[in-house]
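Just so it is clear, none of the values below were taken in a lab; they were calculated from the coordinates. Quick caveat, the model's predicted, so the values are computed rather than measured. Neighbour counts run over all protein chains shown; Cβ positions are idealised from the backbone, glycine included.
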Amino acid sequence: MGMFFLVNYLQKDLSFKIIEYHWFHLVSPQGIFKPKILDLPLSITTAPKGPYDDSFNQEGFLAYKYRGINPEHQDNVGLRKALNKYVPLIYFHGIVPGKYLAVWPVYIIADDPSNLTFTVAVDDCEAIYKEPSQVREGAYARRAYITTTVRARLHQRGFRERVLVAYRSQCAFCRLKHLELLDAAHIIPDIESESMPTVDNGIALCKLHHAAFDSFILGINPDYTIEVREDVLEEKEWPNASAWFKRFT
Ligand SMILES: [Zn+2]
């Protein structure tokens with residue numbers, strides 16, 4: 001993954017305190033990751049999935065599957081300990097192969113052995129500095145709100161990444177390849193109920209062509225051919241405008 005995390009800990013078997021530093025990966029391909037030097041897991045990971053395969057349950061929290069089917073597998077036991085000790089974890093949400101979004105802090109808030117699933121909630125960063133009794137105050141409503149907000153951000157970011165991959169990270173009109181100037185636009189606006197956050201409804205556009213698309217200067221036919229508004233093509237005051245737009249049709 002190329003991501004590392006610096007941890008220090010106290011050498012307890014010495015009469016004085018020595019701070020040692022260890023570098024290690026934050027993520028494990030197994031999903032639940034516990035570095036050897038820690039007693040509890042550090043992170044959980046979900047693999048990139050299709051847009052319809054949502055990992056969140058009806059209450060809006062993340063439903064995280066056990067590792068395997070044995071509730072006593074050491075990784076599952078580790079998450080259960082994190083639940084009982086109110087220990088925060090890092091959640092890596094796979095958006096496309098090789099790309100993850102990190103969410104911190106997340107807490108295991110429930111364990112359901114019959115469905116081999118843990119329930120995971122995102123919490124406020126301030127929660128990690130509080131005593132467990134303080135963290136529990138109003139925790140359900142706060143975590144439900146924060147998790148819902150984070151979930152929406154994960155979906156938006158996932159949509160962007162999948163659309164950019166589908167369009168090879170270039171504007172569908174002018175082929176511009178600068179990522180910082182590219183948007184993933186919805187072909188059917190996302191305020192319309194039938195608009196789905198799927199690649200089929202997305203198109204990669206540079207900032208200028210996104211604005212032109214939203215202003216109905218440019219349009220896309222059902223066969224994905226590009227249409228430029230007629231009055232713009234016939235503009236006399238700025239003849240370069242029509243030539244410029246015609247280049248891409
Ligand atoms: Zn463009």
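Annotation: Cα Rg of segment 93-190 relative to the compact-globule expectation 2.2 N^0.38 Å equals 1.44.
Sorted fewest first by neighbouring Cβ atoms within 10 angstrom, T225, T149 come out as T225, T149.
Relative to its Kirkwood radius, the Cα radius of gyration of segment 33-176 gives an Rg/Rh of 1.03. Taking a sphere under 13 Å around the Cβ of R157 and counting the other residues whose Cβ falls inside, with K and R at +1 and D and E at -1, yields a net charge of +3.
Taking a Cβ cut-off of under 10 Å around L79, the surrounding Lys, Arg, Asp and Glu residues balance to a net charge of +2, with basic ones at +1 and acidic ones at -1. Electrostatic bookkeeping for K99 treats Lys and Arg as +1 and Asp and Glu as -1; over the other residues with beta carbon under 14 Å from its beta carbon, the sum is +3. Among H25, H209, the order by Cβ neighbours within 10 angstrom, fewest to most, reads H25, H209. Considered as an equivalent ellipsoid built on the Cα gyration tensor, segment 133-226 has semi-axes of 34, 15, 11 Å, the largest given first.
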